[in-house]
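J.: Handing you this structure, nothing more for now.
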Amino acid sequence: MMSTSQKWLRFHYLEEAEHIGGLCRSWKYNGEQNGWFLLCQKLRFSEEDKTKQTSNIIWTAAAFIFSYITAITLHHVDPALPYISDTGTVAPEKCLFGAMLNIAAVLCIATIYVRYKQVHALNPEESRIIKLNKAGLVLGLLSCFGLTVVANFQKTAFFIVHVCGAVLTFGMGSLYMFVQTILSYQMQPKIHGKQVFWIRLLVVIWCGVSAFSMLTCSSLLYSGNFGTDIVQKLHWNPEDRGYVLHMITTAAEWSMSFSFFGFFLTYIRDFQKISLRVEANLHGLTLYDTAPCPVNNERTRLLSRDL
């Protein structure tokens, strides 16, 4: 049982941790303060994790921005709302677009997997939540696979393959967001507050409206009534047939992408409540085929300042 003085110490160190943050690393392991050092250290790690969890969003946004700037600088596309894929169709920007989106897909996989493990740990016995969580993992991974397809198969060269990748990315990604929103509803108010659910629901509605607009207008645009060269068309003029449909489609595509960014931003606060570690379990002191012997296994954080 914790004494009154110990409770005061715990509150005192917690309060200090919230105020001085990074200075906590200089505290020593001694006596009863050992537990408070660990608590303070955990808070410091959470501040580090806040930046790491945004790497996925920052990197993906950078892929769009850099390829867009390169494409309009070289006059490969029009500055006014080109398709996202059009900014990665012509060399050299297609090389940058493909490489950065492949890395973004890996970061998305990591984010989706961490979310899956977190929800599973918080609800180990809720059958409905377990099923939804597994469904969300599958949908998220399919969306990431679609992202790599979009990155590596340009619209002008492999139109059908590119469209299939876009359907996987946006379609499965939208369903992933929908499933995660249902999970948020199932877990409130026991696991987290109602505010998180409402924010995610609004983002999903935003995504749904954008998806409906994009599907409707793109279906009309590519129906064949506006010419057969639309797939290869990178420059549009206001007097071109189908120009309005084109602008609505591209605006909806960018809007849908931003809704994805917004949804992943809602994970930042949740991910501050979890730490990732990598553990190497050695079977012996050498790499020869010898009898196993007890060793001290290495345990470190997944991402360390020393890297």
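J.: Across the stretch 91-106, which residue is surrounded by the fewest Cβ atoms within 10 Å (Cβ to Cβ) among those that are closer than 14 Å to residue 69 by Cα and in contact (Cβ under 8 Å) with a residue 24 or more places away in the chain?
T.: 96
J.: Sort out which residues of the stretch 59-93 are of a type in the set (D, E, K, R) and either in a loop (DSSP other than H, G, I, E, B) or not assigned by TED's automatic domain parsing to the domain that holds residue 250 (or both), and write them in order of number.
T.: Within the stretch 59-93, the subset of a type in the set (D, E, K, R) is 78, 86, 93.
Across the stretch 59-93, the qualifying residue is only 78.
J.: Sort out which residues of the stretch 185-229 are of a type in the set (A, V, I, L, M, F, W, C) and in contact with a Phe, Trp or Tyr (Cβ under 6 Å, 6 or more places away or on another chain), and write them in order of number.
T.: 197, 203, 204
J.: If you don't mind, there's one more thing I want to ask. On the basis of being surrounded by fewer than 17 Cβ atoms within 10 Å (Cβ to Cβ), assigned by TED's automatic domain parsing to the domain that holds residue 61 and aromatic (Phe, Trp, Tyr), does residue 264 make the cut? Full working, then the answer.
T.: Values: surrounded by fewer than 17 Cβ atoms within 10 Å (Cβ to Cβ): no; assigned by TED's automatic domain parsing to the domain that holds residue 61: yes; aromatic (Phe, Trp, Tyr): yes.
Against the criterion (surrounded by fewer than 17 Cβ atoms within 10 Å (Cβ to Cβ), assigned by TED's automatic domain parsing to the domain that holds residue 61 and aromatic (Phe, Trp, Tyr)), residue 264 does not qualify.
J.: I'm trying to understand the selection: among the residues of the stretch 179-202, which are buried (at least 21 other Cβ atoms within 10 Å of the Cβ) and under 19 Å from residue 255 (Cβ atoms)?
T.: Selection gives 181, 200.
J.: Here's another thing I want to ask about it. Residues of the stretch 154-178 being β-branched (Val, Ile, Thr) and surrounded by 21 or more Cβ atoms within 10 Å (Cβ to Cβ), which ones?
T.: Of everything in the stretch 154-178, just one residue is β-branched (Val, Ile, Thr) and surrounded by 21 or more Cβ atoms within 10 Å (Cβ to Cβ), namely 169.
J.: Looking at 223, 213, which is the one that is at pLDDT 90 or above, assigned by TED's automatic domain parsing to the domain that holds residue 99 and not aromatic (Phe, Trp, Tyr)?
T.: Just one listed residue meets the conditions, 213.
J.: Run down 260, 212, 264, 226 and say which single residue is under 30 Å from residue 188 (Cα atoms) and over 22 Å from the mean Cα position of the chain (by Cα).
T.: 212
The values are calculated or read from the model by the stated rules, or taken from the named source; none is laboratory data. Bear in mind the structure is a predicted one, so any value in this text is a computation, not a measurement. Neighbour counts are summed over all protein chains in view; Cβ atoms, including those assigned to glycine, are modelled from backbone coordinates with ideal geometry.
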